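The values are calculated or read from the model by the stated rules, or taken from the named source; none is laboratory data. For clarity, every value in this text was computed on a predicted model and none was experimentally measured. Cβ coordinates were reconstructed from backbone atoms using ideal geometry, including for glycine residues, and neighbour counts include every protein chain displayed. With ligands, DNA and RNA removed, areas are computed over all heavy atoms of the protein, side chains included. Shrake-Rupley method; radii C 1.70, N 1.55, O 1.52, S 1.80 Å.
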Amino acid sequence: QVQLAESGGGLVQAGGSLGLSCAASGSLSTFNAMGWYRQAPGKQRELVARITSGLSTTYADSVKGRFTISKDNAKNTVFLQMNSLKPEDTAVYYCYLRAMIVTYWGRGTQVTVSS
C-alpha cells in the first residue's frame, strides 16, 4: 500500500501564491506519475499537473505559465507551486500517484482564492 500525505493549501487573495506538497510513503517500488487533480463544487475532477518518473511534465491549459510541478526523488515528494492565483482556481486539490495499473489518492486539500 502507498500513502499520500498532502500539505499546503489555504486561503489567498487573487494574484497571490500558494504551494502544495505531497509525500508518498509505503510500499513504493516504482511509479509512473505523480501529480494533482482538483475538483471545484459542481464540477468534475480535472487534471492540474503531473510529472512522470522521467520528469516529463504536463499541465492543464488553464494553469500553464502560472503553476509549476516538481519532484524530490529522494523524498518521494511532489510539489506544486501556484502563482498568480485566480478565483477560478478555488477547489479541493488531490494528490495522486500512479504505479502501473493502480492509482492512489490523497485526501485532498482546500485551496480558496478570494477576489
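If you check T90, T58, which single one turns out to be of a type in the set (S, T, N, Q), touching a Ser or Thr at 6+ places or on another chain (Cβ under 7 Å) and on the phi < 0 side of the Ramachandran plot?
Details: T58 fails: touching a Ser or Thr at 6+ places or on another chain (Cβ under 7 Å).
Within the list T90, T58, the selection yields T90.
Inside the range 47-62, residues that are at pLDDT 95 or above, surrounded by fewer than 15 Cβ atoms within 10 Å (Cβ to Cβ) and among the aliphatic types (A, V, I, L, M) make up a count of 1.
Could you say which residue among G65, G35, G26, G42 is surrounded by 17 or more Cβ atoms within 10 Å (Cβ to Cβ) and among the small types (G, A, S)? Show your work before the answer.
On the way: G65 fails: surrounded by 17 or more Cβ atoms within 10 Å (Cβ to Cβ); G26 fails: surrounded by 17 or more Cβ atoms within 10 Å (Cβ to Cβ); G42 fails: surrounded by 17 or more Cβ atoms within 10 Å (Cβ to Cβ).
Only one candidate qualifies: G35.
Put simply, of L97, L28 the only residue that is over 20 Å from S115 (Cβ atoms) and in a loop (DSSP other than H, G, I, E, B) is L28.
For the range 6-41, name all the residues that are of a type in the set (A, V, I, L, M, F, W, C) and touching a Gly at 6+ places or on another chain (Cβ under 7 Å). Steps first, answer last, please.
Of the range 6-41, the ones of a type in the set (A, V, I, L, M, F, W, C) are 11-12, 14, 18, 20, 22-24, 28, 31, 33-34, 36, 40.
L18, L20, C22, listed by residue number.
Can you tell me which residue in the range 68-91 is farthest from W105 (Cα to Cα), limited to those that are part of a helix (DSSP H, G or I) and either charged (D, E, K, R) or open to solvent by 60 Å² or more (accessible area, probe 1.4 Å) (or both)? Filtering the range 68-91 for residues that are part of a helix (DSSP H, G or I) and either charged (D, E, K, R) or open to solvent by 60 Å² or more (accessible area, probe 1.4 Å) (or both), the one farthest from W105 (Cα to Cα) comes out as E88.
For the range 1-15, the set of residues classified as outside any strand (DSSP E or B) and surrounded by 15 or more Cβ atoms within 10 Å (Cβ to Cβ) consists of G9 only. Of the residues that sit in the range 43-67 and are farther than 14 Å from L97 by Cβ and assigned to a strand (DSSP E or B), which one is nearest to the chain's Cα centre (by Cα)? Only one residue tops the list, namely V48.
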